[in-house]
Amino acid sequence: MDMMAWITIVGQANLPDLSAVENWGLNIVTQVITLIVIFLVTKHLAKFRVGAVVSACIFAAVVTFVVQNWDQVTEWVEALIDLL
């Protein structure tokens, strides 16, 4: 196979770009957070600790927001540091 044929084949291939890999990573992190929260909620429900269940859900929501909106959160942190 000569070099020109190889370049043509590679050029026509639908290779994944970096955004697809980034989205896949975000989905994995979000699923891990969900599994941890499910574990914490069931653990605290077994002990009838409603406050701990609510705090686990709030904490999970905050962490999920930070993971999915990392650029926005870093801008907020930079603005806060500049303000101080």
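Just so it is clear, none of the values below were taken in a lab; they were calculated from the coordinates. Owing to the predicted nature of the structure, the values given are computational and were not obtained by experimental measurement. Reconstructed Cβ throughout: ideal geometry from the backbone, glycine too, with neighbour counts over all protein chains shown.
Put in line by how crowded their Cβ is, counting other Cβ atoms within 10 Å and starting with the fewest, THR30, THR42 read THR42, THR30. When LEU35, LEU40 are sorted by how many other C-beta atoms sit within 10 angstrom of their C-beta, beginning with the fewest, the order is LEU35, LEU40. Straightening the chain between GLU78 and PHE65 buys 2.9 nm, computed as 0.36 nm per residue apart minus the Cα-Cα spacing.
Going from the residue with the fewest nearby Cβ atoms within 10 Å to the one with the most, VAL77, VAL63, VAL53 rank VAL77, VAL63, VAL53.
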